[in-house]
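In what follows, a single structure is set out as structure tokens and then discussed.
The values are calculated or read from the model by the stated rules, or taken from the named source; none is laboratory data. Just so it is clear, the model here is predicted, and its values are computed rather than measured. For neighbour counting, all protein chains shown are included, and Cβ atoms are generated from backbone atoms with ideal geometry for every residue, glycine included.
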Amino acid sequence: MKQQSRREFVKLSAGTLLGVAVPGRVRKLFQPNTAEVTVDVRHVLGAISPNIYGQFIEHLGRAIYGGVYDDSKRSFRPDVLEKVQQLRPPLLRYPGGTFTKIYHWKDGIGQDRPVRKNLIWGGIDNNHFGTDEFLRYAEQLGAAPFLTVNMGTGTAEEAAEWVEYCNATAGDYATKRRNNGRAQPYGVRYWGLGNEEAAKEDAGRLQNPQDYIQQAWYYAKLMKLQDPAIQLVMVGDQEGWNQQVLQALHPVCDYISLHLYARTKPGDPASLFASIAEIEANIQKLGAQIKAFTPEKVVDFSKWYRFPSRQQPVRIALDEWGIWEANGQGAYGLEMEYTWNHALGVATFLNIFQRNAAVIGLATWAQTVNVLAPIMTNEITSICQTVYYPMALYRKLCGPQSVAATATGAGAAGLDVAASTDGKTLTIALVNRNSRAAVEIKLNAKTTGQWTAHELNAASIEAKNTLAAPATNVVSYKERTLPAGAKTYAMAAHSITILQATL
Ligand code: AHR
């Protein structure tokens, strides 16, 4: 049977009409701007790692003290905890970021904790929030913890002892953990070997890839001898660095990291999406490097290492991604007010992660509270910024398998699309950056039920939630079932829509 004849096309097309109310009628000003979205459920792009929806917290400004943690009560801030719980992150990265380069984890355990200057980001850190607090926080979220070790001012032994403290049942540091009130190992699976080690300005000492490679091997060996099951994230940077790191470290490199922040050119909201498009190109470039420089499987790994090599193909850890504008407040200008345009940007990022599922193993959004963050606090209250809502919706609805989806036609320029499935439901995530685009969807799969549309939108791309008006939420959410047999879907201007139907 020819492929074409087996196809059943369901067409959903839509026009967003700009209407002006005149007495007794609505006058149509524009013809619909249409686009066609074609989804091929048989063209699988890859399994979407659940870990693409991770978060990141760092000892930076008000991210932890005054954000995650209320130091005056020596407890987690309940309003913030509830908001992070509703984001449902599967993964949480800590303690940095650049902060990692001066952080000594032993300062943050037990009863007597030293007060240190935060030499990277300023201020004082009394270490009240340390390893046990972080790991308990992650447990309360149901998130897998991801720890980054100090390769700047720390040592490989110190990193291996941290693995023992977190994961071992026996040994001096396992006993310390028990004495600190935690009998069961935490079982931390994800470990980052350093952070942005190539950065010249940072307090690192491994800015040459060969120095990094030599040290990373040593760290990997000592840490894996403590727990052979841990997975390692190696630091990535420019192409030349990546090639050397991948070629040399691939037997023990589960992930290579990539940090990407998008930015808007002043007065040009659309430039945010050009910046995000560059990010997709960077992901694909690193994916190609992984393919070129690492075998899928490691062979002939000497048994004398006394731990196994990596078991899966190397994948990208996008362990810092987000939107970093030039006009932030607070420490180093990192406290942002995000508009609805930024929320469209976040949804576009999440579409990119789905489209590139084959190469992205994990992603942690930088960051979570107050710093480049979806959640903002003051002493009295906390709010969810616009960018919070697409993340929460995608995490809830998108499926585990990425399938091919394309947009064509006049309205496609302003449209971003990704599709996923769990084998039963087809989920199409659409971002309409265009003010009057229409969407026409063709499916080459039978859908048995009606379409449900989950729509997020705001009155304008400038709309934002602020601490000045904490009771106002500019983001609207609508869920509606489309009429049986619907072939059109009217996608509103600057909206995010997730369409679902049973396969
Ligand atoms: O997320 C803020 C900072 O950005 C991190 O500390 C660093 O890794 C990156 O450059």
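Could you list, in sequence order, all residues of segment 119-148 that are among the hydrophobic types (A, V, I, L, M, F, W, C), part of a loop (DSSP other than H, G, I, E, B) and either within 23 Å of residue 255 (Cα to Cα) or not assigned by TED's automatic domain parsing to the domain that holds residue 230 (or both)?
Narrowing segment 119-148 to residues among the hydrophobic types (A, V, I, L, M, F, W, C): 119-121, 124, 129, 134-135, 138, 141, 143-144, 146-147.
Next cut, part of a loop (DSSP other than H, G, I, E, B) only: 119-121, 129, 143.
Once the filter is applied, which keeps residues that are among the hydrophobic types (A, V, I, L, M, F, W, C), part of a loop (DSSP other than H, G, I, E, B) and either within 23 Å of residue 255 (Cα to Cα) or not assigned by TED's automatic domain parsing to the domain that holds residue 230 (or both), segment 119-148 yields only 143.
Quick check on segment 230-241: of everything there that is of a type outside the set (Gly, Ala, Ser) and under 21 Å from the mean Cα position of the chain (by Cα), which residue is farthest from residue 310 (Cα to Cα)?
Applying the first criterion (of a type outside the set (Gly, Ala, Ser)) to segment 230-241 yields 230-235, 237-239, 241.
Of the ones still in play, those that are also under 21 Å from the mean Cα position of the chain (by Cα) are 230-235, 237-238.
Working: 230: 10, 231: 8, 232: 9, 233: 11, 234: 13, 235: 16, 237: 21, 238: 23 Å.
Of everything passing the filter in segment 230-241, 238 is farthest from residue 310 (Cα to Cα).
Only one residue in 220, 248, 216, 174 is away from the ligand (no atom under 16 Å from the Cβ), outside any loop (DSSP other than H, G, I, E, B), among the small types (Gly, Ala, Ser) and closer than 18 Å to residue 101 by Cβ. Which one?
After applying the criteria, what remains is 216.
If I ask for residues that are more than 17 Å from the chain's Cα centre (by Cα) and crowded, with 18+ Cβ neighbours inside 10 Å, which ones from segment 255-272 would you list? Spell out the reasoning first.
First, pick out the residues of segment 255-272 that are more than 17 Å from the chain's Cα centre (by Cα): 264-272.
Hits for segment 255-272 are 264, 269, 272.
Only one of 60, 45 is in a strand (DSSP E or B), of a type outside the set (Lys, Arg) and either modelled with pLDDT of 95 or more or within 16 Å of the ligand (Cβ to nearest atom) (or both); which?
Details: 60 fails: in a strand (DSSP E or B).
None of the other options fit; the residue is 45.
With more than 24 Å from residue 148 (Cβ to Cβ), more than 16 Å from the ligand (Cβ to nearest atom) and not in a strand (DSSP E or B) as the only criterion, which of 284, 289, 311 stands out? Steps first, please.
Values: 289 fails: more than 24 Å from residue 148 (Cβ to Cβ); 311 fails: more than 24 Å from residue 148 (Cβ to Cβ).
284 is the lone residue from the list that is more than 24 Å from residue 148 (Cβ to Cβ), more than 16 Å from the ligand (Cβ to nearest atom) and not in a strand (DSSP E or B).
Residue 245 passes all but one of (1) over 19 Å from the mean Cα position of the chain (by Cα); (2) crowded, with 22+ Cβ neighbours inside 10 Å; (3) touching a residue at least 40 places away in the same chain (Cβ under 8 Å); which number fails?
(3)
Find the residue count for segment 326-349, including only residues that are touching a strand residue (DSSP E or B) at 6+ places or on another chain (Cβ under 9 Å) and crowded, with 17+ Cβ neighbours inside 10 Å.
From segment 326-349, those touching a strand residue (DSSP E or B) at 6+ places or on another chain (Cβ under 9 Å) are 328-329, 335-340, 342-349; that's our starting set.
This time we only want the ones that are crowded, with 17+ Cβ neighbours inside 10 Å, so: 335-340, 342-349.
Of the residues in that region, 14 qualify.
What single numbered condition from (1) in contact (Cβ under 8 Å) with a residue 60 or more places away in the chain; (2) surrounded by fewer than 16 Cβ atoms within 10 Å (Cβ to Cβ); (3) more than 30 Å from residue 389 (Cα to Cα); (4) of a type outside the set (A, V, I, L, M, F, W, C) fails to hold for residue 165?
Exception for residue 165: condition (2).
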